[in-house]
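> Next up is a structure, given as structure tokens.
Values quoted throughout were computed directly from the atomic coordinates according to the rules given, and no laboratory measurement underlies them. Values in this document were obtained by computation on a predicted structure and should not be read as measured data. Positions of Cβ are generated from backbone atoms using ideal geometry, with glycine treated the same way; all protein chains shown enter the neighbour counts.
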Amino acid sequence: MALPWVKLIIYGLLFAAIGGTIALILYIRALSISQNSKVPKWRRKNSPTHLLVVLGSGGHTAEMFSMLRRMKLDPSTYTYRTYVVSSGDDFSATRAVEFETEWLKQHSRLSFSANDSNSAESYAIVTVPRARRVHQSYLTAPLSTLQCFYACFLVLRGRHPEQKSPLLRTNSPYPDVILTNGPATAVCMILAAKSLRLLHYLGSLFNIKNHQDRDSSRSSQAKRSEDAPAPVHFRLRTIYVESWARVTTFSLSGKLLLPFADRFLVQWPDLAGKQAWRGMRKTEYAGTLVD
């Protein structure tokens with residue numbers, strides 16, 4: 001006859017296995033829906049857009065600003081920008097300020113003068129802990145990675161202490177687009193975005209009945225308010241750009257994010273059409289994106 005504590009352990013492991021299996025099924029289901037669905041057309045033309053850019057260090061930062069210059073971002077469209085840098089990375093923070101100052105001077109005719117006090121309110125630089133410091137022990141790396149992940153979670157929800165309210169608000173508290181090219185902080189940011197979307201997906205499952213009950217009343221109201229502002233939608237669309245230096249193989253960050261990024265852009269033909277596993281979204285060849 002088994003001892004009582006042995007039974008408790010067995011039952012505990014059984015419930016944990018069942019709960020883990022259910023969570024895994026829901027996660028895979030949410031991931032599959034996200035990866036195989038088209039990006040929803042939730043944004044009205046010329047409506048304010050919040051762009052969040054994750055800056056790596058050194059070459060990653062240089063490549064990112066090279067891409068942003070080539071994209072010729074329009075500040076009248078991307079009305080608010082958030083730059084996320086790792087702790088101790090003063091280089092990336094300085095480059096962000098220089099880029100904004102130069103950019104606003106070049107596009108002052110589109111929005112506002114670079115000397116206007118409002119120009120500084122159109123962007124923010126937010127610092128998060130490093131996921132892993134150089135030469136850091138692998139034993140302590142998981143703890144620092146969790147700290148980085150939590151900070152990214154706060155940034156996406158607009159709760160980070162260094163964040164300020166956007167000058168031109170969208171109708172969602174979350175960034176519209178997350179753009180990154182690695183390294184470790186990018187992994188934490190995209191996984192945090194996926195986690196928020198998973199929570200939103202799970203919440204929507206439990207609220208389906210309530211939504212169905214409100215459909216009839218909303219349909220009648222919609223006819224009377226066709227010109228009303230669009231409802232709040234869950235955004236957080238993620239774009240990962242593999243480094244130009246990766247010609248035939250993915251970086252470690254790329255390998256980790258291949259099944260999670262909404263769009264995975266590569267700059268060399270040999271990396272085009274790759275996917276994490278069968279049925280997942282494929283990488284897209286975008287050509288050279290840097291100067």
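> Spelling out what I want: for every residue of the stretch 253-268, take phi, set θ = phi - 60°, compute 6.51 cos²θ - 1.76 cosθ + 1.60 (Karplus), and round to whole Hz; glycine and proline get x.
For the stretch 253-268, the Karplus curve yields 4, x, 4, 6, 9, 3, x, 10, 5, 5, 9, 10, 9, 10, 10, 9 Hz.
> Report D for the stretch 237-280 in µm² per second (integer): Stokes-Einstein, Kirkwood Rh on Cα pairs, 10 °C, 1.306 mPa s.
Once the numbers are plugged in, D ends up at 150 µm²/s.
> Rank by packing, highest mean first: peptides 190-198, 283-291, with packing defined as the count of other Cβ atoms within 10 Å averaged across residues. Write out the running numbers ahead of the final one.
Values: 190-198: 20.1, 283-291: 14.6.
Going from most to least packed, we get 190-198, 283-291.
> With r as the distance between the Cβ atoms of E121 and R159 and R0 = 25 Å, compute the FRET efficiency 1/(1 + (r/R0)^6) and round to 0.05. Walk me through the numbers on the way to the answer.
Working: r = 19 Å, r/R0 = 0.75.
Result of the calculation: an efficiency of 0.85.
> Of the listed peptides 130-142, 12-24, what is their order by residue-averaged count of other C-beta atoms within 10 Å, with the highest listed first?
Working: 130-142: 12.6, 12-24: 10.2.
Sorting 130-142, 12-24 by mean packing, highest first, produces 130-142, 12-24.
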